[in-house]
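Trainee: Quick one: the structure is below, and I'll ask about it shortly.
The values are calculated or read from the model by the stated rules, or taken from the named source; none is laboratory data. This is a predicted model, so every value here is computed, not measured. Glycine gets a Cβ as well: all are built from the backbone with ideal geometry, and neighbour counts include every protein chain shown.
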Amino acid sequence: MTAPAVNPARSAFSSELAALSVKPLWERVMRRAPGTGAVPAQWRWSEVKPHLMRAAELITTQEAERRVLMLENPALKGTTFATTTLFAGLQVILPGEIARTHRHAPNALRFIVEGEGAYTAVEGERVTMRPGDFVVTPGWTWHDHGNVGAEPVVWLDGLDTPFANLFGAHFREDFPQETQPRSRADGDAGARYGANLLPLEHRGSGRPSPLLSYPYERTREALERLALSGGPDPAHGYKLRYINPATGGHPFPTMAVFMQRLPAGFAGARYRATDGAVFCVVEGRGSATIGGRKFDFAPHDVLVAPSWEWVEFRAAADSVLFSYSDRAAQEALGFWREEAA
Ligand SMILES: [Fe+2]
């Protein structure tokens with residue numbers, strides 16, 4: 001459908017309406033296909049890491065509160081967001097540093113990129129962070145980070161901030177002290193929710209996952225084992241989604257989180273879906289062609305596949321990709337669609 005031709009009387013009419021903050025719908029260009037203003041993008045670890053380390057020299061965690069380089073989509077300048085619905089940032093914390101305790105409405109995930117010895121404390125429990133681990137910080141939970149190790153630790157922060165902003169519900173608050181008291185033993189959430197068991201009193205809800213950490217060791221083994229029983233999915237390779245163990249749903253009400261393995265030589269079929277996604281390469285080398293643009297990837301690179309852009313993976317070496325997207329929210333709202341070529 002094309003917009004009707006504009007004639008002088010209609011133009012004058014439209015101008016009159018404009019004064020009343022009213023617009024004729026028939027002059028609007030109709031949306032023909034899904035998608036957003038975000039564009040496919042890549043941040044190469046080899047290029048970003050030196051700047052991250054430079055940031056560690058230039059600003060302390062005390063000054064910065066969180067020493068994060070935000071990965072802003074080139075087509076969404078001024079928003080600080082990687083897609084129209086997701087935030088992505090690389091955070092670095094040096095040995096001995098503390099990132100003080102705060103809480104905020106947006107849900108956050110941490111995907112550990114490099115380094116050992118850091119922890120995230122969530123509501124009184126310290127969660128050790130190791131490369132490849134996925135750590136949950138549910139919205140409005142007190143959290144702080146610290147590095148008790150001997151090397152810098154870097155992780156990818158993924159947040160649903162644009163949702164909180166859209167709803168006008170973005171609250172934040174500082175804890176009175178820098179570090180919150182430890183009220184639960186390390187591994188408490190894992191014992192309660194991470195052993196295919198649930199506390200007796202637990203009632204399922206669509207809230208974020210009560211399991212705070214999903215260690216890479218277990219995820220990697222699961223992906224490896226899948227290959228023993230059959231071939232890869234034509235588009236995704238061996239791909240699993242992380243769950244809220246109390247519901248079987250996504251770990252966040254807004255964000256879906258995934259890990260996939262592309263065996264060496266994998267040449268994936270084209271695929272697209274309405275969820276915009278942020279990928280972080282864990283292992284391997286290959287390429288991702290997103291919306292017609294080819295990106296060669298290497299470990300720790302971050303890529304963005306916006307909504308409804310065709311994605312096609314190739315793996316030169318055995319590769320593992322972590323990703324998160326807004327699929328959880330889209331499914332809950334009934335918007336999510338996919339298409340395989
Ligand atoms: Fe935070």
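Trainee: Within the group TYR324, TYR271, which residue is among the aromatic types (Phe, Trp, Tyr) and crowded, with 24+ Cβ neighbours inside 10 Å? Spell out the reasoning first.
Mentor: Working: TYR271 fails: crowded, with 24+ Cβ neighbours inside 10 Å.
After ruling out the rest, the residue left standing is TYR324.
Trainee: Among the residues of the range 115-133, what is the count of those that are more than 16 Å from the ligand (Cβ to nearest atom) and within 20 Å of the chain's Cα centre (by Cα)?
Mentor: Within the range 115-133, residues that are more than 16 Å from the ligand (Cβ to nearest atom) and within 20 Å of the chain's Cα centre (by Cα) number 6.
Trainee: Identify the residue in the range 89-106 that is more than 10 Å from the ligand (Cβ to nearest atom) and in contact with a helix residue (DSSP H, G or I) (Cβ under 7 Å, 6 or more places away or on another chain) and, among all such residues, is farthest from TRP140 (Cα to Cα).
Mentor: Here the answer is LEU94.
Trainee: Can you run down the residue pairs with Cβ atoms below 7 Å, 6 or more apart or on separate chains, where the first is in the range 85-104 and on the phi > 0 side of the Ramachandran plot and the partner is in a strand (DSSP E or B) and at pLDDT 95 or above?
Mentor: GLY96/ASN147
Trainee: Could we say that PRO215 is surrounded by fewer than 22 Cβ atoms within 10 Å (Cβ to Cβ), more than 30 Å from GLY35 (Cα to Cα) and under 19 Å from the mean Cα position of the chain (by Cα) here? Give the derivation first.
Mentor: Values: surrounded by fewer than 22 Cβ atoms within 10 Å (Cβ to Cβ): yes; more than 30 Å from GLY35 (Cα to Cα): yes; under 19 Å from the mean Cα position of the chain (by Cα): yes.
In short, yes.
Trainee: If PHE279 meets every condition in (1) in contact with a helix residue (DSSP H, G or I) (Cβ under 8 Å, 6 or more places away or on another chain); (2) surrounded by 23 or more Cβ atoms within 10 Å (Cβ to Cβ); (3) not acidic (Asp, Glu) apart from one, which number is that one?
Mentor: (1)
Trainee: Further, regarding this structure: Mind telling me which of the residues ALA189, ALA256 ends up being within 30 Å of GLN62 (Cα to Cα), small (Gly, Ala, Ser) and touching a residue at least 60 places away in the same chain (Cβ under 8 Å)?
Mentor: Values: ALA256 fails: within 30 Å of GLN62 (Cα to Cα).
Answer to the selection: ALA189.
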